[in-house]
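Beneath this line is the structure, given in C-alpha coordinates, with notes to follow.
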Amino acid sequence: MRKIVILTGAGISAESGLGTFRDAGGLWARHRIEDVATPEGFARDPALVHRFYNARRAQAVEARPNPAHAALARLQAAHDGEVVIITQNVDGLHETAGAQNVIHMHGMLSGALCAACDARWQAPLAMGPGDACPVCAARAARPDVVWFGEIPYRMVEIGQHLDEADVFVAIGTSGQVWPAAGFAQQAARGGAWRVEMNLEPSDITGDFSETRLGRASEVVPVWVA
Ligand code: BV8
(Lines give C-alpha, C1' and ligand atoms only; values in the text may rest on other atoms or scores of the structure.)
Protein backbone atom coordinates (compact mmCIF):
# COMPACT_ATOMS: atom_id res chain seq x y z
CA MET A 1 0.00 0.00 0.00
CA ARG A 2 1.67 3.23 -1.09
CA LYS A 3 2.01 5.88 1.63
CA ILE A 4 1.30 9.37 0.28
CA VAL A 5 2.54 12.43 2.19
CA ILE A 6 1.22 15.82 1.07
CA LEU A 7 2.52 19.30 1.99
CA THR A 8 0.29 22.26 1.21
CA GLY A 9 1.06 25.99 1.23
CA ALA A 10 -0.85 29.22 0.74
CA GLY A 11 -1.33 28.50 -2.98
CA ILE A 12 -3.91 25.78 -2.31
CA SER A 13 -6.13 28.33 -0.56
CA ALA A 14 -5.58 31.13 -3.07
CA GLU A 15 -8.67 30.17 -5.12
CA SER A 16 -10.69 30.18 -1.91
CA GLY A 17 -9.91 33.88 -1.72
CA LEU A 18 -7.21 33.74 0.96
CA GLY A 19 -4.10 35.79 0.20
CA THR A 20 -0.78 34.10 -0.37
CA PHE A 21 2.38 35.45 1.18
CA ARG A 22 4.63 36.25 -1.68
CA ASP A 23 2.50 36.76 -4.76
CA ALA A 24 2.18 40.34 -5.93
CA GLY A 25 0.02 42.13 -3.41
CA GLY A 26 0.36 39.20 -1.04
CA LEU A 27 0.12 39.46 2.72
CA TRP A 28 3.78 40.34 3.15
CA ALA A 29 3.52 43.11 0.57
CA ARG A 30 1.47 45.08 3.07
CA HIS A 31 3.43 44.11 6.17
CA ARG A 32 7.06 43.39 7.05
CA ILE A 33 7.54 39.82 8.28
CA GLU A 34 9.51 41.23 11.23
CA ASP A 35 6.53 43.31 12.33
CA VAL A 36 3.69 40.78 12.16
CA ALA A 37 5.12 37.25 12.15
CA THR A 38 7.88 37.21 14.77
CA PRO A 39 7.79 37.09 18.60
CA GLU A 40 9.81 40.33 18.60
CA GLY A 41 7.19 42.03 16.41
CA PHE A 42 4.47 40.86 18.81
CA ALA A 43 6.38 42.14 21.83
CA ARG A 44 6.91 45.49 20.08
CA ASP A 45 3.34 46.05 18.89
CA PRO A 46 0.83 43.37 19.95
CA ALA A 47 -2.11 45.47 18.73
CA LEU A 48 -0.70 45.52 15.16
CA VAL A 49 -0.13 41.76 15.20
CA HIS A 50 -3.63 41.10 16.55
CA ARG A 51 -5.08 43.34 13.81
CA PHE A 52 -3.13 41.38 11.17
CA TYR A 53 -4.40 38.03 12.43
CA ASN A 54 -7.94 39.26 13.21
CA ALA A 55 -8.26 40.33 9.55
CA ARG A 56 -7.03 36.93 8.34
CA ARG A 57 -9.26 35.06 10.85
CA ALA A 58 -12.32 37.01 9.61
CA GLN A 59 -11.39 36.16 5.98
CA ALA A 60 -10.75 32.51 6.82
CA VAL A 61 -14.14 31.96 8.50
CA GLU A 62 -15.87 33.27 5.33
CA ALA A 63 -13.72 31.22 2.92
CA ARG A 64 -14.94 27.95 1.39
CA PRO A 65 -12.78 24.99 0.35
CA ASN A 66 -12.03 24.77 -3.39
CA PRO A 67 -11.84 21.63 -5.60
CA ALA A 68 -8.20 21.08 -4.58
CA HIS A 69 -9.09 20.74 -0.87
CA ALA A 70 -12.03 18.49 -1.81
CA ALA A 71 -9.85 16.26 -4.00
CA LEU A 72 -7.34 15.68 -1.17
CA ALA A 73 -10.18 14.74 1.22
CA ARG A 74 -11.49 12.29 -1.40
CA LEU A 75 -8.00 10.80 -1.82
CA GLN A 76 -7.73 10.26 1.94
CA ALA A 77 -11.10 8.49 1.96
CA ALA A 78 -10.50 6.36 -1.13
CA HIS A 79 -6.77 5.47 -1.09
CA ASP A 80 -6.02 2.01 0.33
CA GLY A 81 -2.70 3.19 1.83
CA GLU A 82 -2.07 6.02 4.33
CA VAL A 83 -2.54 9.64 3.12
CA VAL A 84 -1.00 12.27 5.45
CA ILE A 85 -1.74 15.97 4.90
CA ILE A 86 0.79 18.40 6.39
CA THR A 87 -0.09 22.06 5.90
CA GLN A 88 1.82 25.32 6.35
CA ASN A 89 -1.55 27.06 6.21
CA VAL A 90 -3.32 28.33 9.28
CA ASP A 91 -6.81 28.25 7.75
CA GLY A 92 -9.10 25.26 8.41
CA LEU A 93 -10.11 24.63 4.77
CA HIS A 94 -8.70 21.09 4.64
CA GLU A 95 -10.88 20.11 7.63
CA THR A 96 -13.94 21.91 6.20
CA ALA A 97 -13.45 19.85 3.01
CA GLY A 98 -13.49 16.65 5.10
CA ALA A 99 -9.77 15.89 5.46
CA GLN A 100 -8.75 13.98 8.60
CA ASN A 101 -5.86 14.34 11.03
CA VAL A 102 -4.35 17.34 9.22
CA ILE A 103 -0.96 18.32 10.65
CA HIS A 104 -0.85 22.13 11.06
CA MET A 105 2.90 22.66 11.36
CA HIS A 106 2.48 26.46 11.57
CA GLY A 107 -0.54 26.40 13.91
CA MET A 108 -4.08 27.64 13.22
CA LEU A 109 -5.91 30.98 13.18
CA SER A 110 -8.68 29.30 15.21
CA GLY A 111 -6.26 28.72 18.10
CA ALA A 112 -5.17 31.06 20.90
CA LEU A 113 -2.07 30.55 23.04
CA CYS A 114 -0.96 32.08 26.34
CA ALA A 115 2.55 33.53 25.97
CA ALA A 116 2.92 33.23 29.77
CA CYS A 117 1.73 29.70 30.62
CA ASP A 118 1.39 27.97 27.21
CA ALA A 119 -2.35 27.27 27.72
CA ARG A 120 -4.30 26.86 24.45
CA TRP A 121 -7.96 27.63 23.73
CA GLN A 122 -10.37 28.38 20.88
CA ALA A 123 -9.58 31.89 19.64
CA PRO A 124 -12.43 34.43 19.54
CA LEU A 125 -13.00 36.00 16.11
CA ALA A 126 -11.13 39.14 17.23
CA MET A 127 -8.28 39.11 19.74
CA GLY A 128 -6.62 42.11 21.39
CA PRO A 129 -3.55 42.92 23.51
CA GLY A 130 -5.57 43.06 26.74
CA ASP A 131 -7.07 39.56 26.34
CA ALA A 132 -6.49 37.51 29.46
CA CYS A 133 -5.51 33.86 29.51
CA PRO A 134 -8.46 31.75 30.81
CA VAL A 135 -6.00 29.63 32.82
CA CYS A 136 -3.43 31.97 34.40
CA ALA A 137 -5.26 35.29 33.79
CA ALA A 138 -2.08 36.89 32.38
CA ARG A 139 -2.82 39.46 29.67
CA ALA A 140 -0.60 37.44 27.30
CA ALA A 141 -3.00 35.96 24.73
CA ARG A 142 -1.55 35.55 21.24
CA PRO A 143 -2.56 33.71 18.06
CA ASP A 144 -1.52 30.04 18.20
CA VAL A 145 0.59 30.28 15.05
CA VAL A 146 4.30 29.52 14.58
CA TRP A 147 6.24 32.72 13.86
CA PHE A 148 9.68 33.05 12.26
CA GLY A 149 12.30 31.97 14.74
CA GLU A 150 9.86 29.59 16.49
CA ILE A 151 9.88 25.82 16.20
CA PRO A 152 7.14 24.37 13.96
CA TYR A 153 4.71 21.90 15.54
CA ARG A 154 4.99 18.06 15.32
CA MET A 155 8.36 18.04 13.53
CA VAL A 156 9.38 14.57 14.85
CA GLU A 157 6.12 13.04 13.54
CA ILE A 158 6.54 14.90 10.24
CA GLY A 159 10.08 13.55 9.86
CA GLN A 160 8.86 9.99 10.32
CA HIS A 161 6.14 10.47 7.69
CA LEU A 162 8.70 11.88 5.23
CA ASP A 163 11.05 8.92 5.81
CA GLU A 164 8.18 6.47 5.20
CA ALA A 165 6.65 8.24 2.18
CA ASP A 166 6.40 6.36 -1.13
CA VAL A 167 5.03 9.51 -2.77
CA PHE A 168 5.60 13.10 -1.56
CA VAL A 169 3.44 15.86 -3.03
CA ALA A 170 3.90 19.62 -2.49
CA ILE A 171 0.97 21.83 -3.51
CA GLY A 172 0.94 25.65 -3.66
CA THR A 173 4.15 26.48 -1.84
CA SER A 174 6.99 28.73 -2.96
CA GLY A 175 9.53 26.64 -1.06
CA GLN A 176 10.96 29.73 0.62
CA VAL A 177 10.16 28.93 4.24
CA TRP A 178 12.17 26.37 6.19
CA PRO A 179 11.99 23.65 7.44
CA ALA A 180 9.04 22.88 5.06
CA ALA A 181 11.26 23.81 2.09
CA GLY A 182 13.52 20.87 2.95
CA PHE A 183 10.78 18.20 3.09
CA ALA A 184 11.15 17.10 -0.56
CA GLN A 185 14.88 16.46 -0.08
CA GLN A 186 14.18 14.40 3.06
CA ALA A 187 11.51 12.39 1.21
CA ALA A 188 14.02 11.82 -1.63
CA ARG A 189 16.51 10.30 0.84
CA GLY A 190 13.78 7.82 1.78
CA GLY A 191 13.26 6.94 -1.88
CA ALA A 192 9.95 8.77 -2.43
CA TRP A 193 8.62 9.83 -5.85
CA ARG A 194 8.16 13.61 -5.55
CA VAL A 195 5.46 15.63 -7.31
CA GLU A 196 5.24 19.44 -7.22
CA MET A 197 1.93 21.11 -8.12
CA ASN A 198 2.20 24.89 -8.34
CA LEU A 199 1.17 27.88 -10.40
CA GLU A 200 4.80 28.40 -11.42
CA PRO A 201 8.15 26.75 -10.72
CA SER A 202 9.14 27.30 -7.07
CA ASP A 203 12.50 27.75 -5.36
CA ILE A 204 12.61 23.98 -4.83
CA THR A 205 11.38 22.72 -8.22
CA GLY A 206 14.71 20.94 -8.68
CA ASP A 207 13.93 18.71 -5.65
CA PHE A 208 11.02 17.00 -7.43
CA SER A 209 10.66 14.00 -9.78
CA GLU A 210 7.93 15.84 -11.69
CA THR A 211 6.25 19.26 -11.68
CA ARG A 212 2.64 19.91 -12.74
CA LEU A 213 2.05 23.61 -13.33
CA GLY A 214 -1.36 25.21 -13.12
CA ARG A 215 -4.03 26.26 -10.66
CA ALA A 216 -4.47 23.86 -7.75
CA SER A 217 -8.23 23.63 -8.29
CA GLU A 218 -7.52 22.15 -11.74
CA VAL A 219 -4.23 20.26 -11.30
CA VAL A 220 -4.98 18.49 -7.99
CA PRO A 221 -8.34 16.88 -8.96
CA VAL A 222 -6.76 15.60 -12.21
CA TRP A 223 -3.88 14.03 -10.28
CA VAL A 224 -6.21 12.53 -7.64
CA ALA A 225 -8.62 11.08 -10.23
C1 BV8 B 1 12.50 27.27 12.30
C2 BV8 B 1 2.90 31.76 10.39
C3 BV8 B 1 14.08 26.11 13.65
C4 BV8 B 1 1.47 31.87 10.44
C5 BV8 B 1 4.68 31.19 8.88
C6 BV8 B 1 17.30 27.84 6.71
C7 BV8 B 1 17.67 28.73 5.71
C8 BV8 B 1 17.15 30.02 5.71
C9 BV8 B 1 16.26 30.45 6.73
C10 BV8 B 1 15.93 29.56 7.70
C11 BV8 B 1 16.43 28.27 7.70
N12 BV8 B 1 15.92 27.62 8.79
C13 BV8 B 1 15.14 28.47 9.49
C14 BV8 B 1 15.10 29.67 8.85
C15 BV8 B 1 14.36 30.85 9.30
C16 BV8 B 1 12.91 30.85 8.84
C17 BV8 B 1 12.82 30.91 7.35
O18 BV8 B 1 12.58 29.91 6.69
N19 BV8 B 1 12.95 32.10 6.82
C20 BV8 B 1 12.75 32.29 5.39
C21 BV8 B 1 11.98 33.60 5.16
C22 BV8 B 1 14.09 32.29 4.71
N23 BV8 B 1 12.18 29.70 9.35
C24 BV8 B 1 11.70 29.70 10.61
O25 BV8 B 1 11.91 30.60 11.41
C26 BV8 B 1 10.88 28.50 11.02
N27 BV8 B 1 11.37 28.00 12.28
O28 BV8 B 1 13.16 27.04 11.31
O29 BV8 B 1 12.86 26.85 13.58
C30 BV8 B 1 13.78 24.66 13.63
C31 BV8 B 1 13.53 24.00 12.41
C32 BV8 B 1 13.26 22.65 12.42
C33 BV8 B 1 13.21 21.95 13.62
C34 BV8 B 1 13.45 22.62 14.82
C35 BV8 B 1 13.73 23.98 14.82
C36 BV8 B 1 9.43 28.87 11.26
C37 BV8 B 1 8.77 29.27 9.95
C38 BV8 B 1 7.26 29.48 10.17
C39 BV8 B 1 6.91 30.90 9.85
N40 BV8 B 1 5.46 31.09 9.93
N41 BV8 B 1 3.40 31.40 9.05
C42 BV8 B 1 0.97 32.79 9.40
O43 BV8 B 1 1.09 34.01 9.56
O44 BV8 B 1 0.44 32.25 8.43
S45 BV8 B 1 5.33 31.04 7.35
C46 BV8 B 1 4.22 31.48 6.15
O47 BV8 B 1 4.92 31.22 4.92
C48 BV8 B 1 2.97 30.65 6.03
O49 BV8 B 1 2.90 29.55 6.92
C50 BV8 B 1 3.06 30.15 4.60
O51 BV8 B 1 2.35 29.00 4.37
C52 BV8 B 1 4.50 29.94 4.56
C53 BV8 B 1 5.16 29.55 3.33
O54 BV8 B 1 4.67 30.31 2.29
P55 BV8 B 1 3.85 29.53 1.16
O56 BV8 B 1 2.78 28.73 1.82
O57 BV8 B 1 4.82 28.83 0.29
O58 BV8 B 1 3.15 30.74 0.46
P59 BV8 B 1 3.82 31.67 -0.63
O60 BV8 B 1 2.95 32.87 -0.82
O61 BV8 B 1 5.26 31.85 -0.31
O62 BV8 B 1 3.76 30.79 -1.96
C63 BV8 B 1 2.50 30.46 -2.52
C64 BV8 B 1 2.82 29.61 -3.74
O65 BV8 B 1 1.57 29.19 -4.30
C66 BV8 B 1 3.55 30.38 -4.82
O67 BV8 B 1 4.62 29.59 -5.31
C68 BV8 B 1 2.49 30.60 -5.92
O69 BV8 B 1 3.07 30.52 -7.21
C70 BV8 B 1 1.58 29.43 -5.68
N71 BV8 B 1 0.18 29.69 -6.05
C72 BV8 B 1 -0.50 30.87 -5.98
N73 BV8 B 1 -1.77 30.66 -6.40
C74 BV8 B 1 -1.88 29.35 -6.72
C75 BV8 B 1 -0.65 28.73 -6.50
N76 BV8 B 1 -0.44 27.42 -6.73
C77 BV8 B 1 -1.48 26.70 -7.19
N78 BV8 B 1 -2.70 27.23 -7.44
C79 BV8 B 1 -2.93 28.53 -7.23
N80 BV8 B 1 -4.16 29.05 -7.48
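The values are calculated or read from the model by the stated rules, or taken from the named source; none is laboratory data. Here the structure is a predicted model, which is why all the values come from computation and not from measurement. We place every Cβ from the backbone using ideal geometry, glycine too, and count neighbours over all the protein chains shown. When the accessible area is computed, the model is the full protein with side chains, heavy atoms only, and any ligands, DNA or RNA have been set aside. Shrake-Rupley method; radii C 1.70, N 1.55, O 1.52, S 1.80 Å.
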C-alpha center-to-center spacing [region 126-174, region 28-101] in angstrom = 10 Å
remark   = Between residue 51 and residue 80, the two model label points (7 Å from Cα along the beta-carbon direction) sit apart by a distance in nm of 5.6 nm
ask   = Stretched out fully, how many nm does the piece from residue 139 to residue 119 gain, at 0.36 nm a residue minus the Cα gap?
value = 6.0 nm
query = Ordering 104, 31 by how much accessible area each has at a 1.4 Å probe, largest first, what is the list?
reply = 31, 104
Ratio of the Cα radius of gyration of region 1-85 to 2.2 N^0.38 Å, where N counts its residues = 1.39
key: Net length gained if the chain between residue 185 and residue 101 were fully extended (0.36 nm per residue, minus Cα distance)   = 27.9 nm
query = When all alpha-carbon pairs of region 96-225 are counted, what percent fall beyond 17 Å?
reply = 67 percent
query = Quick one: if the Förster radius is 25 Å, what FRET efficiency do residue 40 and residue 164 give, using the C-beta to C-beta distance and rounding to 0.05?
reply = 0.10
key: At R0 = 41 Å, FRET efficiency that the Cβ-Cβ distance of residue 2 and residue 63 yields, to 0.05   = 0.85
key: the chain: radius of gyration over Cα atoms, expressed as a fraction of 2.2 N^0.38 Å   = 1.01
task = Within region 21-120, list the chymotrypsin sites (Phe, Trp or Tyr not before Pro) lying in a DSSP loop whose Cβ has at most 15 other Cβ atoms in a 10 Å radius.
result = none
Measure of compaction for region 137-189 (Cα Rg per 2.2 N^0.38 Å) = 1.45
note = The equivalent-ellipsoid semi-axes of region 52-101, taken as the square roots of five times the Cα gyration tensor eigenvalues and listed largest first in whole Å, are 24, 11, 7
